[in-house]
1. Please go through the range 111-145 and give me each residue that is among the aromatic types (Phe, Trp, Tyr), in contact with a Lys or Arg (Cβ under 8 Å, 6 or more places away or on another chain) and farther than 13 Å from VAL164 by Cα, ordered by number.
2. Can you tell me which residue in the range 28-57 is nearest to LEU201 (Cα to Cα), limited to those that are of a type in the set (Ser, Thr, Tyr) and either surrounded by 15 or more Cβ atoms within 10 Å (Cβ to Cβ) or touching a strand residue (DSSP E or B) at 6+ places or on another chain (Cβ under 9 Å) (or both)?
3. Is there a residue being at pLDDT 95 or above, closer than 22 Å to MET47 by Cβ and assigned to a helix (DSSP H, G or I) anywhere in the range 185-194?
4. Being loosely packed, with under 14 Cβ neighbours inside 10 Å and outside the structural domain of ALA151 (by TED's automatic domain parsing) is the requirement here; does ALA11 meet it?
5. Let me spell it out: the conditions are (1) of a type outside the set (Asp, Glu); (2) under 24 Å from ARG124 (Cα atoms); (3) exposed (fewer than 12 other Cβ atoms within 10 Å of the Cβ), and GLN203 meets all of them except one. Which number is the exception?
Amino acid sequence: MFEKHHEKKLAEEYQHRLAQWQALRDSTAQALAVAQGFNGEGSTELMLKPGEAVFAAVSNASLIEERRGAGHYTGASSGVSIPIGSVGGHAVRYHVGATRGHYVQAPPVPTSIDQGTVFVTNQRVVFQGGRQTRECAFAKLIGFQHTADGATVFSVSNRQKATVIHYGTQIAGWFDFRLDLALAHFKGTVPALVAQVQAQLAQLEAARPPAPLAPS
């Protein structure tokens, strides 16, 4: 009885590992196919420049900037009240020593200031929102960083503040790859990216979970 239970548990664990491996393997194979054959597409929403093609378009993206909330006073004192006489039978008191303390600013908090669509082309990243439009041209790109919460921080030479675009963790892997592919087309390094994905796929193929040994 114990041996059958143990065998069943091993089989279930194997199926779970195999499903995870298969999903990662399939997504990597799909990424390889895209890297090898996708050269971008046109758009009816974004005015494209000559030779420009769209590699990703994500709606419901957010433009993030740091904003300070309401601050507060600290160290306030109500002071003391001193009687100084009476007028018409009513006591008159004089308040001294009262202070509001000093004002403490609230720390900056990342805040969504607009929502819209982010486009990734082979020349730039463009955010088009209801109130804001931001462009990060690859020719002026200093660097970029992906965050754990599904956003990318773009630093460009023609803007002091970084541009932060949030699109969510559910499509983070897809967005990151499409951005890498668009940059590869801009730089002319597509063959190197294809070779990198091919190597990753080969490593995954070699790491297929082995089936549990049959009982002797």
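1. Listed by number, the list holds a single entry, PHE138.
2. Top of the filtered list is THR28.
3. Yes: the range 185-194 contains one or more residues that are at pLDDT 95 or above, closer than 22 Å to MET47 by Cβ and assigned to a helix (DSSP H, G or I).
4. It is true that ALA11 is loosely packed, with under 14 Cβ neighbours inside 10 Å and outside the structural domain of ALA151 (by TED's automatic domain parsing).
5. The number of the failed condition is (2).
The values are calculated or read from the model by the stated rules, or taken from the named source; none is laboratory data. Since the model is a prediction, treat every value here as computed from it, not as a measurement. So basically every Cβ, Gly included, is an ideal-geometry build from the backbone, and we count neighbours across all protein chains shown.
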